[in-house]
Amino acid sequence: MSDGLLKNVVVTFDLPFVLRLIDSVHLESRPADYQDYIFPMGGIPAMLRFEKKVRPLPGIQIAMEDRRGVLTYSVVQVWFDQQFFQAYGVQTNYQEHAELLKEAAIAYANRFLDLYRDVTGFHWIRPVPEQEVPIFNMLGIRRDGTRIPFAYSTTGTGVGLGSQLPSAQDNQLRAQLVSGGSPDPLQRLAFVVSNLMTGEDYWSAALAIEILFEAKVAGMLRRAFQTRGLSESQIDRKFVNSSGNPRSITNLLTTYIPKLTVSTLNAHSPLGLRYQKWCAAARDLRNDIAHGKKISISKRQARDAIDSVRDLLDQLGLLLPDDTTTRIAS
């Protein structure tokens, strides 16, 4: 095929909720006066069309408040044309650019969903990360009308459906079920942070990781004081200043780490280097968010905050007693 024959590429995938929009995927479902949703990102426009769908379950009709898509869902189509192709060098063999098209389609759809939620107040509508979309169906449409379909999967081969837990994990699970054990609350919060990052909620992730850090450090300090024979009331007083106000996390670290360990927080020590990184990447970011200075947080900023917390906790764990290991994904 020669260059310039590609007219459109249409990327189609499912959304795990119903949008209250006119079905516009098929020509016969669009009213005569229907206007497509066409908008630019980075100066390049794309067109979005939608269709409400019912899962093949007996007696089920459209359920607008089906927030997890168990009964109903929506299909979204993202249409790209020559403006996109020229900007990104997409030629007639669009399949070579499947990754680019997938990422762009997700970006356009998520911008639409973000504004749809804002306008409607339907708080359960959320951006959909690409990891939650198993199949992107792509269709190349040539100028002569030829259609070139292509399915792009993000789920691999599906072999995992038949896999099992390793024996060690299965035995650990069985033992905790029998013993009545409960997950560590801070590990639960660490999983929340990972889930927020997957959902591209970087603002919340940056706040949550700092909450986790402060709670984790407080627990480690309490155990250190316990090993030195302090009572609970004596330990409680360690966490407030002379005026009775709670000490900040910075004050706790700078006051007690030198007293409880042989390490210092100066910039030339391994602990101090990680402390300085945490100050800049996690603590200061959290304060900027809480004080309204920063509202929009990038993925890189959230990731740096998480990495700095994990690295400082790893170093503190070498110096202070810790009953539980909190796994923080990198």
Quiz prompt | For the chain: relative contact order, % (alpha-carbon pairs under 8 angstrom, 6 or more apart) | solution = 15
Exercise. Name the most mobile residue of Leu177, Leu207, Leu19, meaning the one with the largest mean-square fluctuation, in a Gaussian network model of the chain with Cα contacts below 10 Å.
Key: Leu177
Quiz item: Relative to the longest principal axis of the chain, what angle (0 to 90°, nearest 10) does the C-alpha long axis of helix 167-179 take?
Solution: 60
Quiz prompt | Lysine pair count for the chain [Cα-Cα under 19 Å; pairs on different chains or 8 or more apart] | solution = 8
Quiz item: Looking at Pro270, Leu320, Ser298, which one has the Cα that reaches farthest to the positive end of the dipole of region 267-330 (charges on Cβ: Lys, Arg +1; Asp, Glu -1)?
Solution: Ser298
Exercise. May I ask for the longest run of the chain untouched by trypsin sites (Lys or Arg not before Pro) that are loop-located per DSSP and have at most 13 neighbouring C-beta atoms (other than their own) within 10 Å?
Key: 144-227
Quiz item: Pick from Leu115, Leu139, Leu312: which is most flexible by mean-square fluctuation in a GNM of the chain where alpha carbon atoms under 10 Å apart are linked?
Solution: Leu115
Quiz item: Residue farthest toward the positive end of the dipole of region 6-153, with Cβ of Lys/Arg at +1 and Asp/Glu at -1: which of His26, Trp79, Ile141?
Solution: His26
Quiz item: Label 7 Å along Cα→Cβ of Asp314; region 202-222 residues with amide nitrogen under 19 Å?
Solution: 209-210, 212-214, 216-217
Quiz prompt | Two-site FRET efficiency, Arg223 against Leu273, from Cβ-Cβ distance with R₀ of 35 Å, rounded to 0.05 | solution = 0.90
Quiz item: Angle, helix 185-198 long axis vs. longest principal axis of the chain, Cα atoms, 0 to 90°, nearest 10?
Solution: 30
Practice problem: May I ask you to derive the FRET efficiency for Tyr34 and Asn251 from their Cβ-Cβ distance with R0 = 56 Å, giving the value to the nearest 0.05? | Solution: 0.35
Quiz item: Which one of Leu57, Ala280, Asn8 is farthest out on the positive end of the charge dipole of the chain, using unit charges on Cβ (Lys, Arg +1; Asp, Glu -1) and the Cα centre as origin?
Solution: Ala280
Quiz item: Which three semi-axes in whole Å describe the equivalent ellipsoid of region 82-142, each the square root of 5 times a Cα gyration tensor eigenvalue, listed largest first?
Solution: 27, 13, 9
Quiz prompt | region 183-317 - Kirkwood radius from inverse mean 1/r over Cα pairs (Å) | solution = 15.7
Quiz prompt | Helix-only CD estimate at 222 nm, as mean residue ellipticity for the chain, using -39500 (n - 2.57) per DSSP H run (n ≥ 4) | solution = -13500 deg cm²/dmol
Quiz item: Across every pair of different alpha-carbon atoms, what Kirkwood hydrodynamic radius in Å does region 127-237 reach?
Solution: 19.4
Quiz prompt | All-pairs Cα distance distribution in the chain, expressed in whole percent, bin size 10 Å | solution = 5, 18, 23, 21, 16, 11, 5, 1, 0
Quiz item: Quick one: Kirkwood hydrodynamic radius for region 1-155, alpha-carbon pairs, angstrom, one decimal?
Solution: 16.4
Self-check item: Choice from Asp23, Asp311, Asp236 showing the highest fluctuation, given a GNM over the chain with Cα pairs closer than 10 Å
Solution: Asp236
Practice problem: Quantify how much of the Cα-Cα distance distribution of region 209-269 extends past 14 Å, in percent. | Solution: 60
Quiz item: What list do you get for Trp278, Trp124, Trp79, Trp203 if you sort them by fewest beta carbons within 10 Å?
Solution: Trp124, Trp203, Trp79, Trp278
Practice problem: Could you check the simple spin-label distance between Val262 and Ser296, using points 7 Å along Cα→Cβ, in nm with one decimal? | Solution: 5.0
Quiz item: Relative contact order for region 1-119: what is it in percent, counting Cα pairs under 8 Å that are at least 6 residues apart?
Solution: 33
Quiz item: Given a Förster radius of 35 Å and the C-beta distance between Asn137 and Gln169 as r, what FRET efficiency does 1/(1 + (r/R0)^6) yield to the nearest 0.05?
Solution: 0.50
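Read-outs: derived from the displayed coordinates by stated rules, not from any lab. Values in this document were obtained by computation on a predicted structure and should not be read as measured data. Glycine also receives a Cβ, built like all others from the backbone with ideal geometry; neighbour counts cover every protein chain displayed.
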